Structure formats: structure tokens, C-alpha cells
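Before any comments, here is the structure.
The values are calculated or read from the model by the stated rules, or taken from the named source; none is laboratory data. Being a predicted model, the structure only gives us computed values, none of them experimental. Counting neighbours? That spans all protein chains shown, and the Cβs are built from the backbone with ideal geometry, glycine included.
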Amino acid sequence: MATFADLSSDANQLQRRVERFHIVRERILSQVHRVIVGQEEVLDQILIALFVGGHCLMTGMPGTAKTLMVRTIAETLGLEFRRIQFTPDLMPSDITGTDIIEEDFATGHRKWTFVPGPIFGNILLADEINRTPPKTQSALLEAMQERSCTVRGHIYPLPAPFFVLATQNPIELEGTYPLPEAQLDRFLFNARLDYLSADDELKVLSLTTSTNTAEMTVVTSAEELLDFQQLVRMVPIADSVARYVVDLVRATRHKSDNAPDFVKKYVSYGGSVRAAQFIVLAAKARALSRMRYHVSYEDILSLAIPVLRHRILLNFHAESERIDADEILRRLLIDLPPKKEA
């Protein structure tokens with residue numbers, strides 16, 4: 001039976017973990033802002049993905065600093081960073097690695113030796129992931145879900161933590177391949193980068209056209225990030241808020257009883273159970289980063305669109321009327337508001 005002293009000690013230790021979480025987060029942002037201007041919402045989503053242990057897809061036009069943002073964040077985390085430039089001729093073995101035959105000159109015998117691919121790192125930058133065919137894109141499926149890689153029947157565990165931060169250009173540009181739905185569903189967020197304001201673009205010019213070079217400082221470690229992921233999962237969520245998440249995700253399915261008419265008209269497939277899981281986990285990380293120890297409806301509303309936008313499959317009615325997933329989700333949040341603040 002735990003004594004009062006034990007409970008007090010546990011509470012103090014938990015408080016120190018929370019304080020360290022806030023310190024590390026602020027230091028990461030401070031380091032990143034030495035290189036990246038603006039994009040506050042996208043940065044927040046990437047950090048949430050890291051603290052949850054999820055993967056993040058970043059969508060934006062060329063020149064919006066997608067690759068630079070990922071590389072800069074990786075440099076501050078003290079993790080092993082790997083980068084893959086996805087091209088049309090990239091093969092799955094170029095990602096996972098492959099077995100080769102080596103000869104033992106002492107015995108003359110030959111044996112299979114596994115040569116790990118670039119997937120065996122902590123942070124994998126999948127640059128322009130939609131510029132390679134689905135066959136190669138799917139090489140990441142097992143890694144993203146199971147944190148392992150299977151080559152010739154052998155299962156190799158990946159380092160922990162493991163994150164895939166992928167960038168893609170909009171699919172209407174030439175030379176791109178839409179990501180398979182199963183691949184998209186593995187991403188916690190689809191973060192969209194827009195063009196900067198005029199003032200921010202002026203700051204970019206000042207940073208990038210001078211002789212000043214920012215050097216990143218490592219602010220955390222792999223072990224600490226794993227501890228933060230456990231800390232995030234300890235944040236409580238009220239039953240009413242969790243029920244709202246379930247109702248919201250179910251409302252994206254056109255066959256659901258509580259789906260609005262516009263969902264039934266424009267949506268072919270809605271979010272899965274994984275979408276609800278990701279919304280709750282992301283909301284817990286957001287609440288903790290705002291120095292709150294419970295999930296509020298505000299957390300859910302602010303993260304629902306980036307979690308769901310790549311999980312909503314629209315039909316030809318939406319395409320013909322040029323209605324995208326974001327518009328459907330915005331209308332859904334208006335049509336299905338929270339009953340009261342948690």
C-alpha cells in the first residue's frame with residue numbers, strides 16, 4: 001500500500017516531467033525560429049506529432065520550406081536523421097535495405113548479409129513522397145505502423161523513437177502520384193503550408209541572403225522523447241469530450257445515422273477509428289503544451305481538420321462542384337458543435 005510520502009514523491013516527479021516537457025518544447029521552437037519564419041500552426045502540428053509518436057505529412061507548393069523545416073527540427077532533437085529523395089525510379093529495397101551475398105574468404109562459404117536501408121534511423125525525411133509510384137510508397141507501411149521492417153521473411157525492429165516526416169507537392173502538379181489511402185491513414189496530420197505574409201517573406205530574404213548561418217543546438221534526446229510520449233498519454237480526457245470525438249468522426253461517414261446531408265452527398269468514405277484515436281492523442285499533446293492537464297473542446301476543434309482532411313474521400317459530386325475536404329470538415333464542425341466546454 002502506497003504511503004502519503006510515496007504519493008507526494010510521485011506527484012513531485014510528475015510535476016518535474018511536465019516542467020521539463022514545457023522547457024524542451026520552448027527550446028525546440030526557439031532553435032527552429034532561428035531558421036524558419038512563420039508557419040506557426042504547422043510547427044505546432046509537427047511537434048504534437050513528435051510528442052505523440054505519430055507521423056506527419058506536409059503538403060505545400062515548392063519553395064515553402066517544407067524540407068528545411070523538417071531538417072531543422074531534426075537537428076535540434078539529438079536523433080539519427082535520415083533523408084530519402086523520392087523519385088520515379090526509386091525501388092522499395094532502396095528504402096528498407098536488402099540482403100546481399102558475401103563470401104567468407106577464410107572458409108570459402110557464402111552467406112546472406114542484411115544491409116540496412118535509410119529507414120533505419122529515428123527521423124526519416126521522405127522528401128517529395130508523391131514523386132514515386134505507390135509500390136515504393138508502400139514500403140513505408142509496415143515501418144510506420146509496426147515500427148519494424150520485413151526483408152526476405154526476416155523482421156528487423158526499427159530504432160525508437162521512429163518518425164516519418166514526409167513532404168509532398170500538390171498532386172495536380174506533373175510527375176506526381178497520389179498516395180494510397182492506406183498510406184495516408186498512417187499519418188497523424190496532413191499539415192498544409194501556405195505562402196508567407198509580405199513581412200515574413202521580407203524576414204526570409206534577410207535570413208537567407210546574408211552571410212549569417214544559424215547553428216542548431218541539440219535540446220533533447222531519444223530517451224526523453226519516449227518519456228514525453230508516455231507523459232502525453234497520461235493527460236485525462238472527459239467522457240463527454242471523447243464522445244464528441246467519436247460522434248464527429250462517425251459523422252464523416254455517409255452511411256452514419258448522424259451524418260449531415262452534405263456529407264451524404266459529397267463523401268464516399270469517412271474517417272476510421274484510427275482517426276478518432278489520433279484526434280484524442282493529438283489533443284492531449286496540445287493540452288499539455290498549453291499548460292493544461294485536461295483535454296478541452298478547443299483542442300479537438302483546432303486539430304480535427306488536419307487529422308481528418310486526408311482521410312475523407314470525396315465523390316464526383318464534390319469534384320464537379322470543386323468542394324474539398326477542408327470545406328466539408330469546416331461545415332461539419334459548424335453543424336456539429338460541442339454541447340458545452342469541458
Name the residue, out of A160, A126, A143, that is under 20 Å from M61 (Cα atoms) and either aliphatic (A, V, I, L, M) or outside any helix (DSSP H, G or I) (or both). A126
Answer yes or no: is there a residue in the stretch 300-320 that is small (G, A, S), over 23 Å from D185 (Cα atoms), in contact (Cβ under 8 Å) with a residue 40 or more places away in the chain and outside the structural domain of I46 (by TED's automatic domain parsing). no
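Hey, any hits in the stretch 308-318 for a residue that's farther than 17 Å from L43 by Cα and basic (K, R)?
The answer is yes, given that some residue of the stretch 308-318 is farther than 17 Å from L43 by Cα and basic (K, R).
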Taking only pairs six or more apart or across chains, which ones have beta-carbon atoms under 6 Å, a first residue in the stretch 88-106 that is in a loop (DSSP other than H, G, I, E, B), and a second residue that is surrounded by 12 or more Cβ atoms within 10 Å (Cβ to Cβ)? L90/T132; L90/T136; P92/T136; P92/A139
Picking from G54, G63, G121, the residue that is assigned to a loop (DSSP other than H, G, I, E, B), under 23 Å from the mean Cα position of the chain (by Cα) and more than 19 Å from R192 (Cα to Cα) would be G121
Given (1) in contact (Cβ under 8 Å) with a residue 24 or more places away in the chain; (2) in a helix (DSSP H, G or I), S206 misses just (1)
Sole residue being outside the structural domain of L303 (by TED's automatic domain parsing) and closer than 30 Å to D99 by Cα, chosen from A198, A160, A191: A160
Every residue in the stretch 78-109 that is of a type in the set (A, V, I, L, M, F, W, C) and in contact with a strand residue (DSSP E or B) (Cβ under 7 Å, 6 or more places away or on another chain), please. L79, F81, I84, F86, I95, I100, I101
Pick from the stretch 313-339, criterion of a type in the set (K, R) and part of a loop (DSSP other than H, G, I, E, B), ranking: farthest from A182 (Cα to Cα): K339
State whether one or more residues within the stretch 220-230 are of a type in the set (D, E), at pLDDT below 85 and surrounded by fewer than 18 Cβ atoms within 10 Å (Cβ to Cβ). no
Run down T136, T209, T213, T150 and say which single residue is under 22 Å from the mean Cα position of the chain (by Cα) and hydroxyl-bearing (S, T, Y). T136
